[in-house]
């Protein structure tokens, strides 16, 4: 596993927004008395949703809120790769899957688009709008290649459809997530090919099924004297 470190340049301070603090306290209350430190992961996630990333001052604020040593919160933030440890793009955090199923379906083309548009991975684009990185499997192998952009999955991508997505995000739009080819879930391209009879779902087929009467249960015979 790669070493994860805090960004060299840090903000001077961090403050919970009222809505973030309210949600954090709700998480704390969901655990038994004395176990509030168990809320560290969801609270760090709330911090990231507020700021876009997790800074060193934010780690200290979470530690103070939960009554934890700062080093323990730092350990959590640096262990889980879902926590971004440096500022991300103002418009989009782009995470392209490069694991084998996606690679065999064209993820290298998506990575090439990111390198050309934004530069090296794990860095902000020059305009500050995008931050991109190559990541490991995100569990959408049947819809490869794919990318997670901000909170949503965009699947069945090509270099062309991916470029259009990035153009939309750059313009401040929020494209509809899901399959770029209109695939339903992970059904085959072109639509489902099995279990397509509507009678399976509207109840009409079930009405035609009759259950035969079962024979009466024989009574137990008494043992001979």
Query raised in the report: Here is a list of conditions, (1) buried (at least 18 other Cβ atoms within 10 Å of the Cβ); (2) in contact (Cβ under 8 Å) with a residue 24 or more places away in the chain, and residue 56 meets all of them except one; can you say which number that is?
Result: (1)
Query raised in the report: Quick check: is even one residue across segment 99-118 in contact with a strand residue (DSSP E or B) (Cβ under 7 Å, 6 or more places away or on another chain), over 19 Å from residue 168 (Cβ atoms) and modelled with pLDDT under 95?
Result: no
Query raised in the report: Restricting attention to segment 7-25, which residues are surrounded by fewer than 12 Cβ atoms within 10 Å (Cβ to Cβ), out of contact with any helix residue (DSSP H, G or I) (no Cβ under 6 Å at 6 or more places or on another chain) and either in contact (Cβ under 8 Å) with a residue 24 or more places away in the chain or under 28 Å from residue 122 (Cα atoms) (or both)?
Result: 8, 9, 12, 15
**Report entry** So residue 112, is it within 27 Å of residue 129 (Cβ to Cβ) and surrounded by fewer than 17 Cβ atoms within 10 Å (Cβ to Cβ)
**Finding:** yes
**Report entry** Top-ranked residue of segment 54-82 - restricted to ones that are at pLDDT 95 or above and part of a loop (DSSP other than H, G, I, E, B), ranked as farthest from residue 20 (Cα to Cα)
**Finding:** 69
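Can you work out which of the residues in segment 157-167 that are in contact with a strand residue (DSSP E or B) (Cβ under 9 Å, 6 or more places away or on another chain) and assigned to a helix (DSSP H, G or I) is surrounded by the most Cβ atoms within 10 Å (Cβ to Cβ)?
As a first pass, look at segment 157-167 and keep what is in contact with a strand residue (DSSP E or B) (Cβ under 9 Å, 6 or more places away or on another chain): 157, 161-162, 165-166.
Filter once more, so that each one left must be assigned to a helix (DSSP H, G or I): 161-162, 165-166.
Details: 161: 15, 162: 27, 165: 22, 166: 24.
Going through the qualifying residues, I end up with 162.
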Query raised in the report: Residue check, residue 128 against (1) within 14 Å of the chain's Cα centre (by Cα); (2) within 21 Å of residue 6 (Cβ to Cβ), all met but one. Which one?
Result: (1)
Query raised in the report: Assuming residue 28 fulfils every condition listed in (1) crowded, with 20+ Cβ neighbours inside 10 Å; (2) in contact with a helix residue (DSSP H, G or I) (Cβ under 6 Å, 6 or more places away or on another chain) apart from one, which condition is it?
Result: (1)
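I'm checking my understanding of the structure. Among residues of segment 31-53 that are assigned to a helix (DSSP H, G or I), out of contact with any helix residue (DSSP H, G or I) (no Cβ under 7 Å at 6 or more places or on another chain) and in contact (Cβ under 8 Å) with a residue 12 or more places away in the chain, which one is surrounded by the most Cβ atoms within 10 Å (Cβ to Cβ)?
Top of the filtered list is 48.
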Query raised in the report: In this structure, is residue 22 outside the structural domain of residue 120 (by TED's automatic domain parsing) and farther than 22 Å from residue 150 by Cα?
Result: yes
**Report entry** Boolean, residue 72 is touching a residue at least 40 places away in the same chain (Cβ under 8 Å), over 27 Å from residue 171 (Cβ atoms) and surrounded by fewer than 16 Cβ atoms within 10 Å (Cβ to Cβ)
**Finding:** no
Query raised in the report: Of all residues in segment 116-156, how many are surrounded by 13 or more Cβ atoms within 10 Å (Cβ to Cβ) and assigned to a helix (DSSP H, G or I)?
Result: 5
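The values are calculated or read from the model by the stated rules, or taken from the named source; none is laboratory data. This is a predicted model, so every value here is computed, not measured. So basically every Cβ, Gly included, is an ideal-geometry build from the backbone, and we count neighbours across all protein chains shown.
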